[in-house]
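Working notes, structure below.
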């Protein structure tokens, strides 16, 4: 995977795949580092922000999750991605103390 990333830094797919693998291994900090770097190469790629939203959601960081899901939707993702982002948002549990402050 690292060779594929180094071979073509302008191709975001290997980096995105690496981040997905790290998420499946629950290495969230490493995945976020890869995604932050990936944003430099593909700043308008909605799937990067959607994956970041999913990571923050799994870490119960609801405000950051909503921010990144919103950014992903603003970037006009495909219909399939829109459906999965909206499903993730619907499943996002907002704690009562956050709801009270909204």
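The values are calculated or read from the model by the stated rules, or taken from the named source; none is laboratory data. The structure displayed is predicted, hence computed values, not measured ones. FYI the Cβ positions are ideal-geometry reconstructions off the backbone, even for glycines, and counts take in every protein chain you see.
Here are the numbers for this structure:
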{"quantity": "Test for residue 67: is it out of contact with any helix residue (DSSP H, G or I) (no Cβ under 7 Å at 6 or more places or on another chain), surrounded by 11 or more Cβ atoms within 10 Å (Cβ to Cβ) and either at pLDDT 90 or above or closer than 22 Å to residue 14 by Cα (or both)", "calculated": "yes"}
{"quantity": "Cross-chain or 6+ apart pairs with Cβ under 7 Å, region 14-30 first and at negative phi and free of Cβ contacts under 8 Å to residues at least 12 places away in the same chain, then surrounded by 15 or more Cβ atoms within 10 Å (Cβ to Cβ) and in a helix (DSSP H, G or I)", "calculated": "30/22"}
{"quantity": "Condition check for residue 52: assigned to a helix (DSSP H, G or I), in contact with a helix residue (DSSP H, G or I) (Cβ under 9 Å, 6 or more places away or on another chain) and either exposed (fewer than 15 other Cβ atoms within 10 Å of the Cβ) or at pLDDT 95 or above (or both)", "calculated": "yes"}
